[in-house]
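I have placed the structure first, in the form of structure tokens, so that the comments after it can refer back to it.
The values are calculated or read from the model by the stated rules, or taken from the named source; none is laboratory data. All of these numbers come straight from a predicted model, not from anything done at the bench. Using ideal geometry, Cβ is built from the backbone for each residue, glycine included, and neighbour counts are taken over all protein chains shown. Areas reflect the complete protein model, heavy atoms only, side chains present, ligands, DNA and RNA absent. Shrake-Rupley method; radii C 1.70, N 1.55, O 1.52, S 1.80 Å.
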Amino acid sequence: MFEEKEILPRLKEIFAGDYSGHDYFHTMRVYKTALAIAQSENCDKNVVALAALLHDVDDYKLFKTENYANARAILKDLGISDQITQQVIAAIDSVSFSKNGSKVPATIEGKIVQDADRLDAIGAMGIGRCFAFSGSFGRIMYDPENDQTPTAINHFYEKLLLLKDRLNTQKARQIATRRDAFMRQFLEEFYAEWNGER
Ligand code: ADP
Ligand code: NI
């Protein structure tokens with residue numbers, strides 16, 4: 001096991017200055033959700049915890065590291081064994097790999113972290129992150145005149161509304177039900193207010 005106080009300050013430092021939705025608090029939410037899902041699964045909770053905490057520290061969109069250098073450096077400083085390090089890196093790798101190929105992670109630990117990461121992209125958190133991301137990329141909220149404009153609202157149809165059917169664990173599917181319904185309700189309210197109906 002590891003001490004949270006040995007790793008959390010490192011994460012704060014790494015994510016300082018990110019406004020694209022990968023801030024320190026995203027990582028902390030994924031960590032908590034992953035541990036909650038892990039309660040219902042037969043898995044190595046230490047690997048889940050470390051993989052959740054480190055799942056974005058080498059994200060290709062934010063960092064130019066190779067071979068998970070940031071994650072490896074932190075695991076080394078924590079005195080984590082080679083065997084656990086290998087399992088954690090494999091889990092992180094399967095989570096990020098899935099972005100391109102929609103591949104299901106091979107291990108239960110990878111599946112749990114992927115679910116926790118996806119859950120943070122839906123519900124109230126997902127709505128907030130979507131609008132924050134759009135703003136940071138100079139995009140508008142919505143364009144009723146052209147459905148090809150990259151907007152925050154378009155991202156719901158391209159990704160966010162599809163996520164509840166792409167989860168690996170029962171517990172995550174259960175959490176997603178409420179979050180997905182909330183997003184759909186939000187969209188309905190958004191259009192009604194946009195059109196001056198409410
Ligand atoms: P991940 O956490 O899996 O690395 P991304 O980097 O794809 O996810 O996205 C980070 C956050 O930004 C997520 O909440 C995601 O929904 C949001 N996001 C990603 N792409 C877009 C986009 N084109 N428009 C609006 N929000 C986006
Ligand atoms: Ni993430």
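Observations, loosely collected:
- Here I92 meets the list (1) open to solvent by 50 Å² or more (accessible area, probe 1.4 Å); (2) among the β-branched types (V, I, T); (3) not in a loop (DSSP other than H, G, I, E, B) almost entirely, failing just condition (1).
- Positions within region 141-156 being within 16 Å of A121 (Cα to Cα) and among the aliphatic types (A, V, I, L, M), in sequence order: A152, I153
- When F63 is tested against (1) within 14 Å of ligand 1 (Cβ to nearest atom); (2) modelled with pLDDT of 95 or more; (3) over 19 Å from G126 (Cα atoms), only condition (2) is not met.
- Of all residues in region 136-168, those satisfying the criterion of being open to solvent by less than 70 Å² (accessible area, probe 1.4 Å), more than 20 Å from R184 (Cα to Cα) and in contact (Cβ under 8 Å) with a residue 40 or more places away in the chain are S136, N168.
- L78 meets the stated requirement of being surrounded by fewer than 20 Cβ atoms within 10 Å (Cβ to Cβ) and under 16 Å from F2 (Cα atoms).
- Counted residues, region 132-160 - those being small (G, A, S) and within 16 Å of ligand 2 (Cβ to nearest atom): 2
- The lone exception for V104 - which of (1) within 27 Å of Q170 (Cα to Cα); (2) part of a helix (DSSP H, G or I) it fails: (2)
- Flag: R178 does not match the condition of being modelled with pLDDT of 95 or more, within 9 Å of ligand 1 (Cβ to nearest atom) and open to solvent by 30 Å² or more (accessible area, probe 1.4 Å).
- Checking each residue in region 8-35 for being outside any loop (DSSP other than H, G, I, E, B), in contact with a helix residue (DSSP H, G or I) (Cβ under 7 Å, 6 or more places away or on another chain) and either over 16 Å from D58 (Cβ atoms) or within 16 Å of ligand 2 (Cβ to nearest atom) (or both) picks out L11, K12, I14, F15, Y24, T27, R29, V30, Y31, T33, A34, L35.
- Test: residue in region 103-122 that is closer than 15 Å to H22 by Cβ, away from ligand 2 (no atom under 16 Å from the Cβ) and under 17 Å from the mean Cα position of the chain (by Cα): no
- All of (1) more than 17 Å from P105 (Cβ to Cβ); (2) in contact (Cβ under 8 Å) with a residue 12 or more places away in the chain hold for Y68 with one exception: (1).
- Cross-chain or 6+ apart pairs with Cβ under 9 Å, region 1-27 first and touching a residue at least 60 places away in the same chain (Cβ under 8 Å) and aromatic (F, W, Y), then open to solvent by 30 Å² or more (accessible area, probe 1.4 Å) and part of a helix (DSSP H, G or I): Y19/A132; Y19/F133; Y19/G135; Y19/S136
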